[in-house]
Each structure stands twice: as structure tokens, then as C-alpha cells.
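First comes the structure, then the notes that go with it.
The values are calculated or read from the model by the stated rules, or taken from the named source; none is laboratory data. On a predicted model such as this, the values are computed, not experimentally measured, just so you know. All Cβ positions, even for glycine, are placed from backbone atoms using ideal geometry, and neighbour counts span all protein chains on display. Surface areas here come from the heavy atoms of the whole protein model, side chains and all, with no ligands, DNA or RNA. Shrake-Rupley method; radii C 1.70, N 1.55, O 1.52, S 1.80 Å.
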Amino acid sequence: MSATFEIKQRPPGEPPPPEDGEKVGVMRRRTRQRLSARGLAYVADEAVLIVSELVTNAIVHSGGREITVTLSLRSGFLRIDVRDGVPSFHARPKAPRDADENGRGLVLVQSLAEEGRGSWGVEDAGTTTWCELRLAAS
């Protein structure tokens, strides 16, 4: 599955308009549908959460105009790529303080990847964030 959608370009950190935020839900639904159709419903909850976090980060922080979400199967792994096309520096996730209202997304992605015996990272000068989850042995 690969899906590309446009978002309103604005400075990074400026709140997105509601129509951009609604695209997160669309991508979650498409992810669940695609995985269920491929017999991978058992990994859908984790994948939907990862897609939600990575797409939200791209919408809120990239300053770009277009986001592409790609799900692919590679050597026993489900790979999720979210490309915003905007080069950036991505630090390793930091544990948020209890009072923080934001900043938990990449910590959550990292945790899900580790629990799913997978990994995550960024590539292409920060234009793409990805996560891999190991699929159950057949």
C-alpha cells in the first residue's frame, strides 16, 4: 500500500488545520483495512498506532506539503515508511516529563518496534521515518 496526500504548507510547529488532522484517521483506517485483507490483522493494532504517530509528526513538524505512507512486506517484516520530503535532523526520542502534553510519539514508536522485535529510524536526510515489525512465523 502506498498513499500520498497533500497538507497545507505552514511553518513547522504551527497547528495544522482540521482537514490535515483528519488525514491521520484516514491513514489509520486504510492501514487496518490493508493489513486485514492480507491476513495480517494480528499486527494491525501496532501498525495503526505507528502510522498514526508518524503521520501526525510529519503533519505537525515537517513544514511540507505532501506526505506519503507506504506499507510493505520485506523478509518477514512489515515496514512502514512515512515520507514528508523535508530534510531535517531527527534526534533520538527523549522521555517526556509527566507534565508534557506532547513528545511521546517517537518514544511510543520505539517501544512498539522493540516489543515487536523490530526497529525504526530515519533516512534520506530525515525526509522519511520508518518502522519495521517482525511478522509471526507461518
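Points to keep in mind about this one:
- Residues whose placed amide H lies under 5 Å from that of Gly118, excluding near-sequence neighbours: Arg134
- Length added when fully stretched, His61-Arg38, from 0.36 nm per residue minus Cα-Cα: 5.1 nm
- The simple spin-label model puts a point 7 Å past each Cα toward its Cβ; for Arg29 and Arg117 those points are separated by 3.4 nm.
- Surface listing: Glu123, Glu114 arranged by accessible area from highest to lowest gives Glu114, Glu123, probe 1.4 Å.
- Net dipole in debye of segment 1-80 [+1 Lys, Arg Cβ; -1 Asp, Glu Cβ; about Cα centre; nearest 20]: 340 debye
- Full-stretch length increase - Asp45, Thr68 - with 0.36 nm per residue and alpha-carbon distance subtracted: 6.3 nm
- Summed side-chain charge close to Ala125 - residues other than Ala125 whose Cβ falls under 15 Å, Lys, Arg +1, Asp, Glu -1: -3
- Scalar couplings 3J(HN,Hα) for segment 64-69, obtained by applying the Karplus form with A = 6.51, B = -1.76, C = 1.60 to θ = phi - 60°, are x, 10, 8, 10, 10, 10 Hz; x denotes Gly and Pro.
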